[in-house]
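Taken together, the values in this text are just the output of simple stated rules run on the coordinates, not laboratory data. Predicted, not measured: the structure shown is a model, and the values here were computed from it. Ideal geometry is used to build each Cβ from the backbone, glycine not excepted, and the neighbour counts take in all protein chains shown.
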Amino acid sequence: MLRHRPVSGLTLIELLIGIALLAVLLGLAAPSFQAQIAASQLSSATHALLGSLMQARAQAIRLGKRVTVCRTHDQEQCDTHAARGWESGWLVFVDIDRAGNTDAFVSPTDTVLTRNEALPATLRVRGNTQVDTYISFGASGEARTMAGGTHPLGTLRVCSLSGALADTDRERQLVLAAGGRIVNRPSPAPVNATCA
């Protein structure tokens, strides 16, 4: 006697309905994922730069020598080109001879401690005039100019160009405070998607 087994599985119609529901759910979730990704990139970049600045200050105190953080575009030399910002990358180096009298410069006697690569294209990092190209810490941990004077207070703005973020969540600021401390804070005012 022949037995028939019940057939298990999905019909083509059931499969298509399941795929359609999945597509709708993914379509609803995608915008929030974009905002999450943009927020994560902003946070990671801010903490990477903050970590490099804190490392430079700590090494300056530990070694009793000047340590400089400068923006770079080639991972070899400090960059002073006005059109580029810190998002191209930055260097942390022991600045033995302060070869750059007004701007930071990596000379053959200097020791590069870390090289930080470029950030994602959706991020911009700009400093005001005081910290536009470099921040240098003396043996006491205080920020110094290349000429040896006390470095004036300054602010680095880390900003996301992503349209997925609200204007109030688009920017973080790293503020060089008195004594060489670096303070991480949110932007005091909303910032538009051009990061202007």
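Considering every residue within region 54-66, establish whether at least one is in a helix (DSSP H, G or I), among the β-branched types (V, I, T) and within 19 Å of F137 (Cβ to Cβ).
Taking every residue of region 54-66 in turn, at least one turns out to be in a helix (DSSP H, G or I), among the β-branched types (V, I, T) and within 19 Å of F137 (Cβ to Cβ).
Testing R126 on (1) crowded, with 21+ Cβ neighbours inside 10 Å; (2) part of a strand (DSSP E or B), one condition comes back false. Which one is that?
(1)
Is it the case that region 87-110 has a residue that's in a helix (DSSP H, G or I) and under 30 Å from A147 (Cα atoms)?
yes
Would you call R71 closer than 21 Å to A177 by Cβ, in contact (Cβ under 8 Å) with a residue 60 or more places away in the chain and of a type in the set (K, R)?
Here the answer is yes, as R71 does meet what is asked.
Determine which member of the set T102, T109 is over 17 Å from Q75 (Cα atoms) and either within 20 Å of the chain's Cα centre (by Cα) or touching a residue at least 12 places away in the same chain (Cβ under 8 Å) (or both).
The conditions single out T102.
Please give the number of the condition G179 fails out of (1) touching a residue at least 40 places away in the same chain (Cβ under 8 Å); (2) surrounded by fewer than 19 Cβ atoms within 10 Å (Cβ to Cβ); (3) at positive phi; (4) not aromatic (F, W, Y).
Here G179 meets the rest and fails (1).
Looking at T122, T155, T114, can you tell me which residue is over 19 Å from S40 (Cβ atoms), in contact (Cβ under 8 Å) with a residue 60 or more places away in the chain, out of contact with any Lys or Arg (no Cβ under 6 Å at 6 or more places or on another chain) and of a type in the set (S, T, N, Q)?
T114
Which ones in region 144-173 are of a type in the set (S, T, Y) and either surrounded by fewer than 19 Cβ atoms within 10 Å (Cβ to Cβ) or over 22 Å from the mean Cα position of the chain (by Cα) (or both)?
T145, T150, T155, T168
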